[in-house]
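To start, the structure itself, in structure tokens.
The values are calculated or read from the model by the stated rules, or taken from the named source; none is laboratory data. Predicted model only: the values in this text are computed from it and were never measured. All Cβ positions, glycine included, derive from the backbone under ideal geometry; neighbour counts span all protein chains shown. Ligands, DNA and RNA are stripped out before the accessible areas are found, and what is left, the full protein with its side chains, is counted by its heavy atoms. Shrake-Rupley method; radii C 1.70, N 1.55, O 1.52, S 1.80 Å.
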2 protein chains.
Amino acid sequence: MEKYEAVFKSLLESFQSNSASTEEKNVEDEIPVGVSNRHTHLSQADLNSLFGEGYQLSKTKDLSQPGQYACKETVTICGPNGAIEKVRILGPVRGMTQVEILEGDCYKLGVTTEPRLSGDLKLTNGITIVGPKGTVRIPEGLIVAQRHIHMTPMDAERYGVHDGQMVSIEVDGPRGGVFKNVAIRVTDKSALELHIDMEEANAMNVSSSSKIKLRK
Amino acid sequence: MEKYEAVFKSLLESFQSNSASTEEKNVEDEIPVGVSNRHTHLSQADLNSLFGEGYQLSKTKDLSQPGQYACKETVTICGPNGAIEKVRILGPVRGMTQVEILEGDCYKLGVTTEPRLSGDLKLTNGITIVGPKGTVRIPEGLIVAQRHIHMTPMDAERYGVHDGQMVSIEVDGPRGGVFKNVAIRVTDKSALELHIDMEEANAMNVSSSSKIKLRK
């Protein structure tokens, strides 16, 4: 993960250093990128079951999206064919537990899933989560994250897009290409950032020098 | 790997069943896909060092490209930060040893690499290979496979492309998109097939129902 954290940091710093002049930028602006490994968001009820009643998560690092953070705690996720250990918990707790895996994890776990946006869990598969104090079987909530771009209403206006719109992103470089079906997510409290997972980043060899552009 | 073998098989069968009518097909034809996990090709000298003098590889399965096969034997590859076990050997032996990894393996091994076509090993990094009878340190030959399409001269004529040309491929589906910089490889003894690695396949969610098209 350090590799991607470095990529993210460098791009975030670049974004932050430019943010004062945001309004002068045009739609050719490159978009900062955050790369996710498998991780989970837990409800307080499931956190209680896994770590003990009233347990509070320990933040180790703020993430790019305001209020979101990586935690010290990890869990094991178990499917019918196998388990994956040390799956990072991201805080704060949410209304519903969800587990975001990589497509490449499906075979090891013995599960299938599909790309979904965070929180869109209806009719997704379940999975077993094991923590130090207990085990939870969620009936649904296992997803592969659908690639998406977080932005504020001001960013959306600048790019001429709206919440829920599907766009494409173009990546340069020797392994470059275009990812279609990238969802726009607009909230007042967003930091402009493309979210893709590690397999997507590796397939296009996304690095701190990658130029990533929004295409409608 | 079984998942991808199934994908490949289904697509190969579909291709084979259509091959009688090849000449009637147009450039919109979908291209069969083969998905690779990390693997290695060995020289006889390195095979001797790793498995014993005069060792012969044991074929377990023919691959789609004529004369190529998967072997029973595996090796461990070791970088400065860590090792990956059970890396499959593909036969037959070649003039030079090469190790094809996934971009996502780089961090675990502590190495860097770049997309290269098979056999194009000049100025690539080295790696340590460990077998049951010995260890070999190759001075160069560690690559991430550059995505490519194998085809015969007849296929090349049909698609209007030539050996060494770079094209794009378009993948449909919820995770669809376009991979640029796909190399055309033309030989008399090729089976028409796009070769991508597991991370590339997962990023675009390539499956037996994916429609893959060549774009110039």
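Of all the criteria given as (1) assigned to a strand (DSSP E or B); (2) within 19 Å of residue A:136 (Cα to Cα), the one not satisfied by residue A:61 is (2).
Criterion applied to A:135, A:124 was being within 24 Å of residue B:201 (Cα to Cα), in the same structural domain as residue A:48 (by TED's automatic domain parsing) and β-branched (Val, Ile, Thr), and the one residue passing it is A:124. Give me the pairs, please: first residue somewhere in the stretch A:38-62 and buried (at least 19 other Cβ atoms within 10 Å of the Cβ), second residue anywhere and hydroxyl-bearing (Ser, Thr, Tyr), beta-carbon distance under 6 Å, and either six or more positions apart or on two chains. Taking only residues 6 or more apart or on different chains, the pairs are A:42/A:97; A:46/A:97; A:47/A:55.
Taking the criterion of being part of a loop (DSSP other than H, G, I, E, B) and either of a type in the set (Phe, Trp, Tyr) or within 14 Å of another protein chain (Cβ to nearest Cβ) (or both), the residues of the stretch A:153-185 that qualify are A:172, A:173, A:174, A:175, A:176. Cβ-Cβ contacts under 8 Å between residues 6 or more apart (or on different chains), taken from a first residue in the stretch A:94-120 that is over 15 Å from residue A:146 (Cβ atoms) to a second residue that is open to solvent by 20 Å² or more (accessible area, probe 1.4 Å) and hydroxyl-bearing (Ser, Thr, Tyr), are listed as A:106/A:112; A:106/A:113. Say whether the condition of being in contact with a Lys or Arg (Cβ under 9 Å, 6 or more places away or on another chain), modelled with pLDDT of 95 or more and not in a strand (DSSP E or B) is met by at least one residue in the stretch A:123-135. Yes, that holds for at least one residue.
To keep it simple, each residue is scored yes or no on (1) open to solvent by less than 60 Å² (accessible area, probe 1.4 Å); (2) facing chain A (nearest Cβ under 9 Å); (3) at positive phi.
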residue	(1), (2), (3)
B:111	yes, no, no
B:115	yes, yes, no
B:129	yes, no, no
B:140	yes, no, no
B:187	no, no, no
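For residue B:150, the conditions (1) at pLDDT 95 or above; (2) open to solvent by 70 Å² or more (accessible area, probe 1.4 Å); (3) in contact with a strand residue (DSSP E or B) (Cβ under 6 Å, 6 or more places away or on another chain); (4) more than 30 Å from residue B:52 (Cα to Cα) all hold with the exception of (2).
Annotation: of all residues in the stretch A:189-207 being at pLDDT below 95 and closer than 25 Å to residue B:166 by Cα, the one that is nearest to the other protein chains (Cβ to nearest Cβ) is A:205. Among the residues of the stretch B:142-152, those that are within 14 Å of chain A (Cβ to nearest Cβ), in contact (Cβ under 8 Å) with a residue 40 or more places away in the chain and not small (Gly, Ala, Ser) comprise B:143, B:144, B:147, B:148. Taken residue by residue, the stretch A:101-118 has no member that is farther than 30 Å from residue B:197 by Cα, not polar (S, T, N, Q) and not assigned by TED's automatic domain parsing to the domain that holds residue A:197. Number of residues in the stretch A:153-171 that are touching a residue at least 40 places away in the same chain (Cβ under 8 Å) and surrounded by fewer than 16 Cβ atoms within 10 Å (Cβ to Cβ) equals 2.
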